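The numbers here are math on the coordinates, done by the rules we state, and not lab data. These numbers come from a predicted model, not from an experiment. No Cβ is skipped: glycine too gets one built from the backbone with ideal geometry, and neighbour counts run over all protein chains shown.
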């Protein structure tokens, strides 16, 4: 009876629906301390990746005095900054690509079916939220999660589908890819 008075069931339902719509991955939490007259004041910075599992993904960072508030701010920022990434067969990249941000450099490679996500830490969260099933990624340079994610997003921003290249050049997809691969892409669409 105590649960019914608080209305616990009604409050949870919208959150479950919202979580099923987006995949949220917490990448890192950083605790910082500010020394003041009375002692230390702690603050938290969170880095979150959010995706729909169907080709849209975004990242955000948030700072607050408490962890849940920092995560909420980061999640809101990630949802506002979502970008669409074209995927081949809904599971991998169309082509190999490199990206960099600051000292962070990443190499993303398309992979055959069944390979899985071969990527370290922060980049794995990006690919899982994106809904990518097969990819090989290597981080070269810094291991700072902020720079690794920004480098991965810089690379994903440069991925182009054969269809968009064909329309930009005024040609057919089969002219861009070659005869056999072009027919497979045309069947996909």
Semi-axes (Å, rounded, descending) of the ellipsoid equivalent to the range 40-90 per its C-alpha gyration tensor are 29, 8, 7
Using only the Cα atoms, work out Rg/Rh for the range 86-159, with Rh taken as the Kirkwood radius, to two decimals. 0.93
May I ask you to sort 128, 66 by Cβ crowding, counting other Cβ atoms within 10 Å and putting the fewest first? 66, 128
Ranked packing of 142-152, 68-78, most packed first, by mean Cβ within 10 Å: 142-152, 68-78
